Amino acid sequence: MVTGNQNSVQDILSKISGLNEAESLRLLSSLFFGTTVFSTSFSSEDQVITDMLSQHQLPVEIFTLDTGRLFPETYSTWNNTLEKYHNRIIAYYPDAVALQNFVVEKGPNSFYESVENRKACCHIRKVEPLQRAIKRKQLWITGIRAEHSQGRHDMPKIELDAANSILKYHPLLHWTTDDVKKYIQENNVPYNPLHDKGFISIGCAPCTRAIRPGEDFRAGRWWWEDSSKKECGLHIHASTNEEALQQLK
Ligand code: SF4
């Protein structure tokens, strides 16, 4: 078995060069057998990847972060996904004591009051559970697409998340919205009905709204904040860092 320690980002990129997404997922889940995870929020992009993993029965652990504040439609999509694929989706939850203390001290909707509160809520409900989900893993597959954020257009499909000491693979990075819709229709993939109501990037219910025609893709997330602060800490754009790569176990 080849492990992450023996691969540089460039090596891996060259290995998947010329392969389609399903072929790349097959190769990478084999290279990182037993240490590959995929995070789903049940967005259309994530549903495409779930469909590919399930159709090809690839050895990838699928997980989701249940923040406790998701839309009812997201839970329905989660359930529809289980019914269609009969797959196993591991749910990670916030630490109960940390969440209890935060809500008792700040109230249930303190994220509207300050960026500091919002980031604290995201840390408890998303970032810390994520760290547990990817601990001791080598490859993290995501549904990130370049269209969803200006800063993502120059990202490579494989990158090192040095903060979390894990490689990330974004198979749909250069897919368009139409590519995603076409795949969903042709493969009869269950999807979140909120996408049909103007929701693009769907996160927690109190922090997500539909966008209007012409608005930026990210305008529907934390819309009350300055746009430069709109990241929740899940996807910190990584740089190639061979030193951190060596830390992969
Ligand atoms: Fe909390 Fe909103 Fe972040 Fe969800 S998106 S974790 S509700 S601040």
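Only the coordinates and a few stated rules stand behind these numbers; no lab work does. Not measured: the values here are computed from a predicted model. No Cβ is skipped: glycine too gets one built from the backbone with ideal geometry, and neighbour counts run over all protein chains shown.
What ³J(HN,Hα) values, in whole Hz, does the Karplus curve 6.51 cos²θ - 1.76 cosθ + 1.60 give for segment 200-213 when θ = phi - 60°, with x put for Gly and Pro?
Here the 3J(HN,Hα) series is 9, 9, 9, x, 6, 4, x, 10, 9, 9, 5, 9, 8, x Hz.
Count the DSSP beta bridges whose two residues both fall in the chain, then state the antiparallel fraction as a percent rounded to the nearest 5.
Here the antiparallel bridges make up roughly 30 percent for the chain.
From the backbone phi of segment 165-171, what are the Karplus-calculated ³J(HN,Hα) couplings (6.51 cos²θ - 1.76 cosθ + 1.60, θ = phi - 60°) in whole Hz, Gly and Pro given as x?
Residue by residue, segment 165-171 yields 6, 8, 7, 10, 10, 10, x Hz.
Looking at segment 1-81, what % of the alpha carbon pairs are farther apart than 18 Å?
Counting every Cα pair in segment 1-81, those more than 18 Å apart make up 49 percent.
Which pairs in the list Lys135/Lys181; Lys137/Lys157; Lys157/Lys181 are over 26 Å apart, alpha-carbon to alpha-carbon?
Over 26 Å Cα-Cα: Lys135/Lys181.
Take the alpha carbon atoms of segment 1-79, find their center, do the same for segment 154-183, and report the distance between the two centers in whole angstrom.
The two parts, judged by their Cα centres, are 10 Å apart.
Based on the Cα coordinates of the chain, what is the per residue volume of their convex hull in Å³?
129
Return Lys126, Lys135 ranked ascending by Cβ neighbour count within 10 Å, so the fewest neighbours appear first.
Sorted ascending by nearby Cβ count, the order is Lys135, Lys126.
Sort Val60, Val103 so that the residue with the fewest other Cβ atoms within 10 Å of its own Cβ comes first and the one with the most comes last.
Result, fewest neighbours first: Val103, Val60.
Please check the chain for the longest run free of GluC sites (Glu not before Pro) that are loop-located per DSSP (anything but H, G, I, E, B) and have at most 14 other Cβ atoms within 10 Å.
Here the longest segment lacking exposed loop sites spans 1-112.
Sorting Met155, Met52 on the 10 Å Cβ count, fewest up front, what's the list?
Met155, Met52
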